[in-house]
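**Student:** Sharing a structure here in C-alpha coordinates format.
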Amino acid sequence: MNPALWISKTGVQAQDAKLQAIANNLANVNTVGFKRDRVVFEDLFYQIERQPGTQNDDNTVSPSGVQLGNGTRLVGTQKVFTTGNLQTTGQAMDVAIVGIGFLQVQQPDGEIAYTRAGQLQVDADGRLVNAQGLPLVPEITVPANATSVTIGENGVVSVTLGGAAEPSELGQLTLASFVNAAGLLAVGDNLYRETAASGAPTEGNPGEDVFGRLKQGALEGSNVQVVEEMVDMIAAQRTYEMNTKVLSAADNMMQYLAQAVR
Amino acid sequence: MDALIYTVMSGAERALRAQQVHANNLANLETGGFRADLELATSAAVTGDGYDTRHLAALQANAVSSAQGAVRQTGRELDVAIVGDGYFAVEWAGGEAYTRAGAFALDADGMLTVNGRPVLGDGGPIVLPPFARVAIGNDGTISIQPPDGEEMQPIDRLRLVRADAASLTKNEAGLVVARDGVELPADETVVVKSGHLEGSNVSAVGEMVATMALNREFEIQMKLYRSADAMADAGNRLVRG
(Lines give C-alpha, C1' and ligand atoms only; values in the text may rest on other atoms or scores of the structure.)
Protein backbone atom coordinates (compact mmCIF):
# COMPACT_ATOMS: atom_id res chain seq x y z
CA MET A 1 0.00 0.00 0.00
CA ASN A 2 0.94 3.62 -0.34
CA PRO A 3 3.50 4.35 2.39
CA ALA A 4 2.29 7.96 2.58
CA LEU A 5 -0.80 6.61 4.36
CA TRP A 6 1.26 5.20 7.21
CA ILE A 7 3.54 8.22 7.37
CA SER A 8 0.58 10.58 7.73
CA LYS A 9 -0.79 8.24 10.36
CA THR A 10 2.31 8.81 12.52
CA GLY A 11 1.79 12.57 12.12
CA VAL A 12 -1.86 12.38 13.14
CA GLN A 13 -1.01 10.15 16.07
CA ALA A 14 1.74 12.51 17.25
CA GLN A 15 -0.59 15.50 17.20
CA ASP A 16 -3.15 13.48 19.09
CA ALA A 17 -0.61 12.88 21.86
CA LYS A 18 0.35 16.54 21.82
CA LEU A 19 -3.25 17.64 22.19
CA GLN A 20 -3.60 15.34 25.16
CA ALA A 21 -0.59 16.95 26.85
CA ILE A 22 -1.94 20.43 26.08
CA ALA A 23 -5.34 19.51 27.51
CA ASN A 24 -3.68 18.26 30.69
CA ASN A 25 -1.57 21.41 30.98
CA LEU A 26 -4.60 23.65 30.53
CA ALA A 27 -6.63 21.62 33.01
CA ASN A 28 -3.88 22.25 35.56
CA VAL A 29 -3.54 25.99 35.09
CA ASN A 30 -4.60 26.53 38.68
CA THR A 31 -2.91 23.53 40.24
CA VAL A 32 -0.41 24.61 42.86
CA GLY A 33 3.12 23.42 42.12
CA PHE A 34 2.17 21.94 38.73
CA LYS A 35 4.92 21.78 36.11
CA ARG A 36 3.87 21.74 32.49
CA ASP A 37 4.57 18.82 30.19
CA ARG A 38 6.20 19.36 26.87
CA VAL A 39 5.92 16.78 24.13
CA VAL A 40 9.11 16.06 22.22
CA PHE A 41 9.04 14.60 18.72
CA GLU A 42 11.76 13.08 16.61
CA ASP A 43 11.76 12.04 12.96
CA LEU A 44 11.56 8.29 12.50
CA PHE A 45 14.40 6.33 10.95
CA TYR A 46 15.02 6.81 7.25
CA GLN A 47 14.83 4.16 4.65
CA ILE A 48 17.91 4.49 2.48
CA GLU A 49 17.10 3.17 -0.96
CA ARG A 50 20.30 4.21 -2.63
CA GLN A 51 23.28 5.49 -0.73
CA PRO A 52 24.75 8.67 -2.21
CA GLY A 53 28.28 8.10 -3.42
CA THR A 54 27.75 4.65 -4.88
CA GLN A 55 29.94 3.81 -7.87
CA ASN A 56 28.12 4.19 -11.16
CA ASP A 57 31.07 2.93 -13.15
CA ASP A 58 34.83 3.07 -12.83
CA ASN A 59 35.02 6.85 -12.99
CA THR A 60 31.82 8.27 -11.64
CA VAL A 61 30.03 8.09 -8.33
CA SER A 62 26.39 9.02 -8.01
CA PRO A 63 26.13 12.44 -6.37
CA SER A 64 22.77 11.79 -4.80
CA GLY A 65 20.74 8.93 -3.45
CA VAL A 66 17.25 8.26 -2.29
CA GLN A 67 16.38 8.50 1.37
CA LEU A 68 12.76 8.33 2.36
CA GLY A 69 11.59 9.27 5.84
CA ASN A 70 9.06 7.22 7.73
CA GLY A 71 7.24 9.85 9.74
CA THR A 72 7.48 11.18 13.23
CA ARG A 73 7.77 9.63 16.65
CA LEU A 74 6.94 10.75 20.15
CA VAL A 75 10.26 10.62 22.03
CA GLY A 76 8.67 11.48 25.32
CA THR A 77 7.19 14.16 27.45
CA GLN A 78 9.46 16.50 29.31
CA LYS A 79 8.44 18.17 32.54
CA VAL A 80 9.52 21.77 32.29
CA PHE A 81 10.82 22.88 35.67
CA THR A 82 10.69 26.63 35.28
CA THR A 83 9.41 28.48 38.31
CA GLY A 84 5.70 29.15 38.51
CA ASN A 85 4.22 32.43 39.66
CA LEU A 86 4.49 33.03 43.36
CA GLN A 87 1.23 33.96 44.99
CA THR A 88 1.12 35.50 48.43
CA THR A 89 -1.65 33.87 50.38
CA GLY A 90 -0.85 34.99 53.91
CA GLN A 91 -1.64 31.51 55.21
CA ALA A 92 0.86 30.44 57.87
CA MET A 93 0.94 26.85 56.59
CA ASP A 94 1.61 27.72 52.94
CA VAL A 95 5.22 27.51 51.82
CA ALA A 96 6.70 28.20 48.41
CA ILE A 97 10.16 26.99 47.40
CA VAL A 98 12.05 29.86 45.80
CA GLY A 99 14.69 28.05 43.76
CA ILE A 100 15.63 24.41 43.37
CA GLY A 101 14.28 21.66 45.60
CA PHE A 102 11.34 19.47 46.47
CA LEU A 103 9.55 18.86 49.73
CA GLN A 104 9.54 15.20 50.69
CA VAL A 105 6.47 13.30 51.81
CA GLN A 106 5.98 9.70 52.80
CA GLN A 107 3.47 7.74 50.78
CA PRO A 108 1.29 5.04 52.36
CA ASP A 109 3.58 2.35 50.91
CA GLY A 110 6.54 3.86 52.75
CA GLU A 111 8.16 5.27 49.62
CA ILE A 112 9.25 8.90 49.56
CA ALA A 113 7.57 11.15 47.02
CA TYR A 114 8.63 14.68 46.08
CA THR A 115 6.46 17.73 45.59
CA ARG A 116 6.63 21.46 44.92
CA ALA A 117 3.12 22.07 46.27
CA GLY A 118 3.48 23.61 49.70
CA GLN A 119 -0.09 23.71 50.98
CA LEU A 120 0.76 22.18 54.32
CA GLN A 121 -1.70 21.23 57.01
CA VAL A 122 -1.66 19.76 60.48
CA ASP A 123 -3.40 16.42 60.86
CA ALA A 124 -5.23 15.00 63.86
CA ASP A 125 -1.95 13.78 65.41
CA GLY A 126 -0.35 17.21 65.01
CA ARG A 127 1.95 16.09 62.19
CA LEU A 128 2.72 18.43 59.31
CA VAL A 129 1.15 16.89 56.22
CA ASN A 130 0.65 17.97 52.61
CA ALA A 131 -2.76 18.63 51.03
CA GLN A 132 -3.38 14.89 50.55
CA GLY A 133 -2.54 14.17 54.18
CA LEU A 134 0.84 12.53 53.53
CA PRO A 135 3.29 13.29 56.35
CA LEU A 136 6.35 15.39 55.57
CA VAL A 137 9.79 13.86 55.87
CA PRO A 138 11.49 14.61 58.26
CA GLU A 139 8.39 14.40 60.40
CA ILE A 140 7.45 17.49 62.39
CA THR A 141 4.77 17.39 65.08
CA VAL A 142 3.06 20.56 66.19
CA PRO A 143 1.92 20.49 69.83
CA ALA A 144 -1.79 21.02 70.45
CA ASN A 145 -1.22 24.15 72.52
CA ALA A 146 0.74 25.96 69.80
CA THR A 147 -0.63 29.39 68.98
CA SER A 148 1.38 30.22 65.89
CA VAL A 149 3.69 28.33 63.57
CA THR A 150 6.65 29.98 61.87
CA ILE A 151 8.56 28.39 59.00
CA GLY A 152 11.84 30.17 58.41
CA GLU A 153 13.54 30.67 55.05
CA ASN A 154 16.11 28.11 56.20
CA GLY A 155 13.37 25.55 56.92
CA VAL A 156 13.40 25.80 60.71
CA VAL A 157 9.89 25.30 62.06
CA SER A 158 9.18 27.03 65.34
CA VAL A 159 6.01 27.58 67.34
CA THR A 160 4.85 29.84 70.10
CA LEU A 161 3.28 27.78 72.81
CA GLY A 162 0.39 29.16 74.76
CA GLY A 163 1.70 31.36 77.57
CA ALA A 164 5.39 31.17 76.57
CA ALA A 165 7.17 34.34 75.53
CA GLU A 166 9.97 32.62 73.60
CA PRO A 167 9.21 30.55 70.49
CA SER A 168 10.41 26.98 70.62
CA GLU A 169 12.01 25.12 67.76
CA LEU A 170 10.19 22.02 66.47
CA GLY A 171 12.47 20.79 63.75
CA GLN A 172 14.05 21.38 60.40
CA LEU A 173 12.34 20.98 57.02
CA THR A 174 14.71 19.65 54.38
CA LEU A 175 14.55 19.72 50.62
CA ALA A 176 15.69 17.20 48.03
CA SER A 177 17.20 18.00 44.66
CA PHE A 178 17.93 15.90 41.59
CA VAL A 179 20.56 16.12 38.88
CA ASN A 180 17.87 15.62 36.27
CA ALA A 181 14.55 16.76 37.72
CA ALA A 182 12.93 16.37 34.29
CA GLY A 183 13.49 12.61 34.64
CA LEU A 184 11.23 12.30 37.71
CA LEU A 185 8.12 10.21 37.36
CA ALA A 186 4.97 12.28 37.80
CA VAL A 187 2.50 10.11 39.69
CA GLY A 188 -0.32 12.62 40.02
CA ASP A 189 -1.43 14.35 43.22
CA ASN A 190 1.37 16.90 42.53
CA LEU A 191 3.84 14.19 43.47
CA TYR A 192 6.96 12.89 41.77
CA ARG A 193 8.87 9.67 42.31
CA GLU A 194 12.56 9.05 41.87
CA THR A 195 13.57 7.09 38.74
CA ALA A 196 16.80 5.79 37.24
CA ALA A 197 16.77 8.80 34.91
CA SER A 198 16.42 11.40 37.64
CA GLY A 199 19.35 10.12 39.69
CA ALA A 200 19.41 9.78 43.47
CA PRO A 201 18.14 12.71 45.54
CA THR A 202 20.51 15.00 47.44
CA GLU A 203 19.06 16.25 50.67
CA GLY A 204 19.85 19.56 52.25
CA ASN A 205 18.58 22.52 54.21
CA PRO A 206 16.74 25.29 52.37
CA GLY A 207 18.97 28.21 51.46
CA GLU A 208 22.16 26.12 51.55
CA ASP A 209 24.08 24.76 48.56
CA VAL A 210 21.82 24.57 45.52
CA PHE A 211 18.60 24.59 47.49
CA GLY A 212 16.08 27.38 47.27
CA ARG A 213 14.71 29.22 50.26
CA LEU A 214 11.29 28.66 51.74
CA LYS A 215 8.76 31.47 51.79
CA GLN A 216 6.03 31.16 54.35
CA GLY A 217 2.65 32.59 53.38
CA ALA A 218 3.20 32.11 49.67
CA LEU A 219 2.46 29.38 47.13
CA GLU A 220 4.05 28.53 43.81
CA GLY A 221 1.40 28.47 41.11
CA SER A 222 1.45 26.31 38.03
CA ASN A 223 4.01 27.27 35.37
CA VAL A 224 1.53 26.76 32.52
CA GLN A 225 1.35 29.80 30.26
CA VAL A 226 -2.21 29.89 28.98
CA VAL A 227 -1.46 31.86 25.82
CA GLU A 228 1.39 29.53 24.89
CA GLU A 229 -0.82 26.48 25.36
CA MET A 230 -3.56 28.00 23.23
CA VAL A 231 -1.12 28.78 20.43
CA ASP A 232 0.26 25.24 20.71
CA MET A 233 -3.27 23.91 20.54
CA ILE A 234 -4.03 25.77 17.32
CA ALA A 235 -0.76 24.56 15.79
CA ALA A 236 -1.45 20.96 16.85
CA GLN A 237 -4.98 21.08 15.48
CA ARG A 238 -3.88 22.47 12.13
CA THR A 239 -1.00 20.01 11.83
CA TYR A 240 -3.46 17.24 12.54
CA GLU A 241 -5.72 18.58 9.80
CA MET A 242 -2.90 18.83 7.26
CA ASN A 243 -1.79 15.29 7.97
CA THR A 244 -5.31 14.01 7.41
CA LYS A 245 -5.33 15.93 4.10
CA VAL A 246 -2.25 13.97 2.99
CA LEU A 247 -3.99 10.84 4.21
CA SER A 248 -6.95 11.51 1.93
CA ALA A 249 -4.64 12.52 -0.96
CA ALA A 250 -2.83 9.19 -0.62
CA ASP A 251 -6.19 7.44 -0.49
CA ASN A 252 -7.30 9.27 -3.63
CA MET A 253 -4.21 8.11 -5.46
CA MET A 254 -5.00 4.52 -4.56
CA GLN A 255 -8.53 5.09 -5.79
CA TYR A 256 -7.35 6.42 -9.17
CA LEU A 257 -5.12 3.37 -9.49
CA ALA A 258 -7.97 1.00 -8.65
CA GLN A 259 -10.17 2.68 -11.22
CA ALA A 260 -7.49 2.57 -13.90
CA VAL A 261 -7.16 -1.19 -13.85
CA ARG A 262 -10.08 -3.28 -14.93
CA MET B 1 3.35 -4.04 -25.89
CA ASP B 2 3.45 -0.28 -26.30
CA ALA B 3 6.24 1.41 -24.36
CA LEU B 4 3.88 4.18 -23.25
CA ILE B 5 2.63 2.18 -20.32
CA TYR B 6 6.14 1.82 -18.89
CA THR B 7 6.81 5.53 -19.20
CA VAL B 8 3.52 6.18 -17.43
CA MET B 9 4.49 3.71 -14.75
CA SER B 10 7.69 5.58 -13.95
CA GLY B 11 5.73 8.84 -13.63
CA ALA B 12 3.14 7.25 -11.37
CA GLU B 13 5.84 5.59 -9.27
CA ARG B 14 7.62 8.89 -8.86
CA ALA B 15 4.41 10.67 -7.78
CA LEU B 16 3.65 7.93 -5.28
CA ARG B 17 7.10 8.06 -3.73
CA ALA B 18 7.36 11.83 -3.80
CA GLN B 19 4.13 11.82 -1.81
CA GLN B 20 6.00 9.82 0.80
CA VAL B 21 8.60 12.59 1.13
CA HIS B 22 5.91 15.25 1.57
CA ALA B 23 3.95 13.09 4.00
CA ASN B 24 7.12 12.71 6.07
CA ASN B 25 7.74 16.46 6.06
CA LEU B 26 4.19 17.18 7.17
CA ALA B 27 4.28 14.49 9.84
CA ASN B 28 7.33 16.31 11.23
CA LEU B 29 5.77 19.76 11.15
CA GLU B 30 6.04 19.94 14.93
CA THR B 31 9.35 18.09 15.37
CA GLY B 32 11.86 20.45 16.96
CA GLY B 33 14.85 21.22 14.74
CA PHE B 34 13.59 19.03 11.88
CA ARG B 35 15.05 19.86 8.46
CA ALA B 36 12.70 19.30 5.53
CA ASP B 37 13.70 16.77 2.89
CA LEU B 38 13.67 18.03 -0.66
CA GLU B 39 12.28 15.76 -3.32
CA LEU B 40 13.78 16.07 -6.77
CA ALA B 41 13.24 14.10 -9.93
CA THR B 42 15.56 13.61 -12.86
CA SER B 43 14.76 12.20 -16.23
CA ALA B 44 16.57 9.11 -17.38
CA ALA B 45 16.53 8.49 -21.10
CA VAL B 46 15.87 4.94 -22.18
CA THR B 47 18.01 4.21 -25.22
CA GLY B 48 17.29 1.48 -27.68
CA ASP B 49 14.84 0.63 -30.38
CA GLY B 50 12.27 3.24 -31.40
CA TYR B 51 11.98 6.99 -31.26
CA ASP B 52 13.87 8.90 -28.61
CA THR B 53 10.72 9.76 -26.66
CA ARG B 54 11.05 7.58 -23.65
CA HIS B 55 12.37 9.46 -20.65
CA LEU B 56 11.61 7.81 -17.37
CA ALA B 57 11.38 9.85 -14.15
CA ALA B 58 13.70 8.90 -11.33
CA LEU B 59 13.18 10.18 -7.79
CA GLN B 60 16.11 11.80 -6.02
CA ALA B 61 15.38 12.52 -2.41
CA ASN B 62 18.31 13.28 -0.25
CA ALA B 63 18.73 17.03 -0.24
CA VAL B 64 18.23 18.72 3.11
CA SER B 65 16.59 22.13 3.27
CA SER B 66 18.71 24.66 5.13
CA ALA B 67 15.93 27.19 5.70
CA GLN B 68 15.61 28.55 9.23
CA GLY B 69 12.74 27.17 11.29
CA ALA B 70 10.60 29.42 13.44
CA VAL B 71 12.35 30.18 16.73
CA ARG B 72 10.29 30.63 19.83
CA GLN B 73 11.07 31.58 23.36
CA THR B 74 10.70 28.94 26.04
CA GLY B 75 12.65 30.42 28.95
CA ARG B 76 14.24 27.06 29.81
CA GLU B 77 18.03 27.39 30.18
CA LEU B 78 18.77 24.10 28.41
CA ASP B 79 16.73 24.97 25.32
CA VAL B 80 19.13 26.24 22.68
CA ALA B 81 18.38 27.46 19.17
CA ILE B 82 21.01 28.11 16.52
CA VAL B 83 20.79 31.53 14.89
CA GLY B 84 21.50 31.24 11.18
CA ASP B 85 23.49 28.32 9.82
CA GLY B 86 25.08 25.69 11.97
CA TYR B 87 24.51 22.38 13.72
CA PHE B 88 25.01 20.80 17.15
CA ALA B 89 27.18 17.70 17.24
CA VAL B 90 25.80 14.57 18.89
CA GLU B 91 27.28 11.14 19.42
CA TRP B 92 25.93 8.55 17.04
CA ALA B 93 27.10 5.00 16.35
CA GLY B 94 30.57 5.62 17.75
CA GLY B 95 31.12 8.71 15.62
CA GLU B 96 29.33 11.99 15.42
CA ALA B 97 26.30 13.31 13.59
CA TYR B 98 24.64 16.71 13.54
CA THR B 99 21.24 18.05 14.50
CA ARG B 100 19.39 21.32 14.97
CA ALA B 101 17.25 19.93 17.80
CA GLY B 102 18.18 21.94 20.89
CA ALA B 103 15.85 20.73 23.65
CA PHE B 104 18.71 19.45 25.79
CA ALA B 105 18.10 17.33 28.84
CA LEU B 106 20.33 15.89 31.55
CA ASP B 107 20.48 12.22 32.32
CA ALA B 108 20.98 10.71 35.77
CA ASP B 109 24.77 11.23 35.57
CA GLY B 110 24.47 14.87 34.54
CA MET B 111 25.32 14.15 30.91
CA LEU B 112 23.82 16.59 28.43
CA THR B 113 21.66 14.74 25.92
CA VAL B 114 19.21 15.53 23.16
CA ASN B 115 16.57 12.90 22.31
CA GLY B 116 18.67 10.45 24.29
CA ARG B 117 21.90 11.05 22.37
CA PRO B 118 24.91 12.62 24.14
CA VAL B 119 25.64 16.17 23.04
CA LEU B 120 29.30 16.73 22.17
CA GLY B 121 31.49 19.52 23.50
CA ASP B 122 35.09 20.43 22.86
CA GLY B 123 36.29 17.20 24.41
CA GLY B 124 33.58 14.64 23.81
CA PRO B 125 30.24 14.27 25.64
CA ILE B 126 29.40 17.10 28.02
CA VAL B 127 28.89 16.15 31.65
CA LEU B 128 27.66 18.82 34.03
CA PRO B 129 28.70 18.67 37.71
CA PRO B 130 25.99 19.51 40.29
CA PHE B 131 24.96 23.12 39.81
CA ALA B 132 22.65 25.74 41.21
CA ARG B 133 22.25 27.51 37.89
CA VAL B 134 23.32 26.86 34.32
CA ALA B 135 23.68 29.22 31.39
CA ILE B 136 24.65 28.74 27.76
CA GLY B 137 26.32 31.71 26.09
CA ASN B 138 25.94 32.91 22.53
CA ASP B 139 29.10 31.09 21.45
CA GLY B 140 27.94 27.83 23.04
CA THR B 141 29.95 28.16 26.26
CA ILE B 142 28.23 26.36 29.10
CA SER B 143 28.71 27.97 32.50
CA ILE B 144 27.44 26.76 35.82
CA GLN B 145 27.10 28.28 39.24
CA PRO B 146 28.48 25.66 41.62
CA PRO B 147 26.31 24.84 44.66
CA ASP B 148 28.72 26.48 47.11
CA GLY B 149 29.82 29.45 45.02
CA GLU B 150 28.41 32.65 43.66
CA GLU B 151 30.41 33.03 40.48
CA MET B 152 29.51 31.41 37.19
CA GLN B 153 32.28 29.14 35.91
CA PRO B 154 32.65 28.06 32.28
CA ILE B 155 32.97 24.27 32.12
CA ASP B 156 32.65 23.29 28.47
CA ARG B 157 31.59 24.53 25.12
CA LEU B 158 29.11 23.04 22.67
CA ARG B 159 30.71 21.68 19.54
CA LEU B 160 29.10 23.73 16.79
CA VAL B 161 29.72 23.09 13.12
CA ARG B 162 28.72 24.70 9.89
CA ALA B 163 28.64 23.30 6.39
CA ASP B 164 27.17 24.07 3.04
CA ALA B 165 23.68 22.56 2.73
CA ALA B 166 24.65 20.88 -0.55
CA SER B 167 27.33 18.84 1.18
CA LEU B 168 24.96 17.46 3.82
CA THR B 169 22.61 14.53 3.83
CA LYS B 170 20.61 12.58 6.40
CA ASN B 171 21.56 9.22 7.82
CA GLU B 172 19.07 6.50 8.68
CA ALA B 173 18.47 7.98 12.14
CA GLY B 174 17.38 11.27 10.61
CA LEU B 175 20.53 13.03 11.79
CA VAL B 176 22.47 15.24 9.42
CA VAL B 177 25.89 14.00 8.26
CA ALA B 178 28.39 15.11 5.67
CA ARG B 179 27.96 13.46 2.28
CA ASP B 180 31.59 12.34 2.22
CA GLY B 181 31.29 10.92 5.74
CA VAL B 182 34.03 13.01 7.34
CA GLU B 183 33.55 14.91 10.60
CA LEU B 184 32.91 18.60 10.13
CA PRO B 185 35.37 21.00 11.77
CA ALA B 186 34.16 23.17 14.66
CA ASP B 187 33.14 26.66 13.60
CA GLU B 188 33.58 29.50 16.07
CA THR B 189 31.20 31.82 14.26
CA VAL B 190 28.03 29.82 14.89
CA VAL B 191 25.73 31.77 17.21
CA VAL B 192 23.29 30.09 19.58
CA LYS B 193 20.51 31.51 21.71
CA SER B 194 19.69 29.91 25.02
CA GLY B 195 16.08 29.92 26.27
CA HIS B 196 14.81 29.53 22.72
CA LEU B 197 13.84 26.54 20.59
CA GLU B 198 13.76 26.19 16.86
CA GLY B 199 10.78 24.44 15.34
CA SER B 200 10.86 22.48 12.12
CA ASN B 201 11.62 24.34 8.89
CA VAL B 202 8.84 22.61 6.97
CA SER B 203 6.65 25.03 5.06
CA ALA B 204 3.13 23.72 5.67
CA VAL B 205 1.66 25.60 2.71
CA GLY B 206 4.37 24.41 0.33
CA GLU B 207 3.91 20.80 1.41
CA MET B 208 0.12 20.99 1.10
CA VAL B 209 0.34 22.44 -2.40
CA ALA B 210 2.91 19.81 -3.40
CA THR B 211 0.61 17.10 -2.04
CA MET B 212 -2.32 18.40 -4.06
CA ALA B 213 -0.23 18.76 -7.21
CA LEU B 214 1.15 15.22 -6.86
CA ASN B 215 -2.33 13.88 -6.29
CA ARG B 216 -3.49 15.36 -9.60
CA GLU B 217 -0.31 14.32 -11.38
CA PHE B 218 -0.94 10.78 -10.31
CA GLU B 219 -4.50 11.05 -11.58
CA ILE B 220 -3.21 12.17 -14.99
CA GLN B 221 -0.79 9.24 -15.10
CA MET B 222 -3.73 6.95 -14.40
CA LYS B 223 -5.63 8.52 -17.32
CA LEU B 224 -2.65 7.70 -19.53
CA TYR B 225 -2.68 4.18 -18.14
CA ARG B 226 -6.22 3.84 -19.37
CA SER B 227 -5.37 5.33 -22.76
CA ALA B 228 -2.54 2.79 -23.15
CA ASP B 229 -4.94 0.08 -22.11
CA ALA B 230 -7.61 1.29 -24.57
CA MET B 231 -5.09 1.43 -27.41
CA ALA B 232 -3.89 -2.12 -26.72
CA ASP B 233 -7.50 -3.24 -26.50
CA ALA B 234 -8.33 -1.61 -29.85
CA GLY B 235 -5.39 -3.44 -31.42
CA ASN B 236 -6.59 -6.73 -29.97
CA ARG B 237 -10.09 -6.21 -31.39
CA LEU B 238 -8.61 -5.45 -34.81
CA VAL B 239 -6.73 -8.73 -34.76
CA ARG B 240 -9.81 -10.68 -33.63
CA GLY B 241 -11.67 -9.13 -36.55
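The values are calculated or read from the model by the stated rules, or taken from the named source; none is laboratory data. It should be emphasised that the depicted structure is a prediction, and the values quoted were computed from it without experimental measurement. Because the Cβ atoms are built from the backbone with ideal geometry, glycine has one as well, and the counts that use them run over all protein chains shown.
**Student:** Could you say which residue among B:THR113, B:THR99, B:THR141 is among the polar types (S, T, N, Q) and farther than 27 Å from A:ALA196 by Cβ?
**Tutor:** Values: B:THR113 fails: farther than 27 Å from A:ALA196 by Cβ; B:THR99 fails: farther than 27 Å from A:ALA196 by Cβ.
Only one candidate passes the filter, namely B:THR141.
**Student:** If I filter the range B:30-39 for residues that are over 30 Å from A:VAL39 (Cα atoms) and touching a residue at least 12 places away in the same chain (Cβ under 8 Å), do I get at least one hit?
**Tutor:** The first filter runs over the range B:30-39 and keeps only residues over 30 Å from A:VAL39 (Cα atoms), leaving none.
Looking through the range B:30-39, none of the residues is over 30 Å from A:VAL39 (Cα atoms) and touching a residue at least 12 places away in the same chain (Cβ under 8 Å).
**Student:** Here are B:ARG237, B:ARG216, B:ARG157: which of them is modelled with pLDDT of 90 or more and more than 34 Å from the chain's Cα centre (by Cα)? Show your work before the answer.
**Tutor:** Values: B:ARG216 fails: more than 34 Å from the chain's Cα centre (by Cα); B:ARG157 fails: more than 34 Å from the chain's Cα centre (by Cα).
Matching residue, one of B:ARG237, B:ARG216, B:ARG157: B:ARG237.
**Student:** Could you name every one of the strands (runs of 3 or more DSSP E) located completely within the range A:131-192 that has at least 2 residues being in contact with a Pro (Cβ under 7 Å, 6 or more places away or on another chain) and within 14 Å of chain B (Cβ to nearest Cβ)? Reasoning before the result, please.
**Tutor:** Numbers: elements: A:146-151, A:156-161, A:168-172, A:175-177, A:185-188.
Passing ranges, in order: A:175-177.
**Student:** When the range B:129-151 is examined, which residues are found to be of a type outside the set (D, E, K, R), at pLDDT 85 or above, farther than 16 Å from B:VAL90 by Cβ and assigned to a loop (DSSP other than H, G, I, E, B)?
**Tutor:** So in the range B:129-151, the residues of a type outside the set (D, E, K, R) come out as B:129-132, B:134-138, B:140-147, B:149.
Narrowing further to those that are at pLDDT 85 or above: B:129, B:134-138, B:140-145.
Narrowing the set further to residues that are farther than 16 Å from B:VAL90 by Cβ leaves B:129, B:134-135, B:137-138, B:141, B:143-145.
If the condition is that a residue be of a type outside the set (D, E, K, R), at pLDDT 85 or above, farther than 16 Å from B:VAL90 by Cβ and assigned to a loop (DSSP other than H, G, I, E, B), then B:PRO129, B:GLY137, B:ASN138 are the ones that fit.
**Student:** Could you grab the pairs with beta carbons closer than 6 Å, sequence gap of 6+ or different chains, first residue in the range B:209-231 and buried (at least 20 other Cβ atoms within 10 Å of the Cβ), second one among the polar types (S, T, N, Q)?
**Tutor:** B:LEU214/B:GLN19; B:ASN215/A:ASN252
**Student:** Would you point out the residue of the range B:94-152, among those that are acidic (Asp, Glu) and at the interface with another protein chain (Cβ under 9 Å from one of its Cβ atoms), that is surrounded by the most Cβ atoms within 10 Å (Cβ to Cβ)? I'd like the intermediate steps shown before the answer.
**Tutor:** First, pick out the residues of the range B:94-152 that are acidic (Asp, Glu): B:96, B:107, B:109, B:122, B:139, B:148, B:150-151.
This time we only want the ones that are at the interface with another protein chain (Cβ under 9 Å from one of its Cβ atoms), so: B:107, B:109, B:148.
Working: B:ASP107: 19, B:ASP109: 11, B:ASP148: 10.
Selected residue: B:ASP107.
**Student:** Let me ask something additional. Only one of B:GLU39, B:GLU13, B:GLU77 is outside any loop (DSSP other than H, G, I, E, B) and either in contact with a His (Cβ under 9 Å, 6 or more places away or on another chain) or over 24 Å from B:GLU207 (Cα atoms) (or both). Can you tell me which?
**Tutor:** Result of the check over B:GLU39, B:GLU13, B:GLU77: B:GLU39.
**Student:** When you go through B:ALA61, B:ALA23 one by one, which is the residue that is within 13 Å of chain A (Cβ to nearest Cβ) and assigned to a helix (DSSP H, G or I)? Before you say what the answer is, go through the steps one by one.
**Tutor:** Working: B:ALA61 fails: assigned to a helix (DSSP H, G or I).
B:ALA23 is the lone residue from the list that is within 13 Å of chain A (Cβ to nearest Cβ) and assigned to a helix (DSSP H, G or I).
Conditions (1) surrounded by 14 or more Cβ atoms within 10 Å (Cβ to Cβ); (2) at pLDDT 90 or above, marked per residue:
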residue: A:ASN154; (1), (2): yes, yes
residue: A:VAL157; (1), (2): yes, yes
residue: A:VAL179; (1), (2): yes, no
residue: A:GLU208; (1), (2): yes, no
residue: A:GLU241; (1), (2): no, yes
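**Student:** Count, please, the residues in the range B:94-126 that happen to be touching a Pro at 6+ places or on another chain (Cβ under 9 Å) and among the aliphatic types (A, V, I, L, M).
**Tutor:** Pass one, the range B:94-126, residues touching a Pro at 6+ places or on another chain (Cβ under 9 Å): B:107, B:110-113, B:118-119, B:124-126.
With among the aliphatic types (A, V, I, L, M) added as a condition, the list becomes B:111-112, B:119, B:126.
Selection size over the range B:94-126: 4.
**Student:** Being touching a helix residue (DSSP H, G or I) at 6+ places or on another chain (Cβ under 8 Å) and either in a strand (DSSP E or B) or within 11 Å of another protein chain (Cβ to nearest Cβ) (or both) is the filter here; which residues of the range A:197-236 pass it?
**Tutor:** A:ALA197, A:SER198, A:GLY199, A:ASP232, A:ALA236 - these are the residues of the range A:197-236 that are touching a helix residue (DSSP H, G or I) at 6+ places or on another chain (Cβ under 8 Å) and either in a strand (DSSP E or B) or within 11 Å of another protein chain (Cβ to nearest Cβ) (or both).
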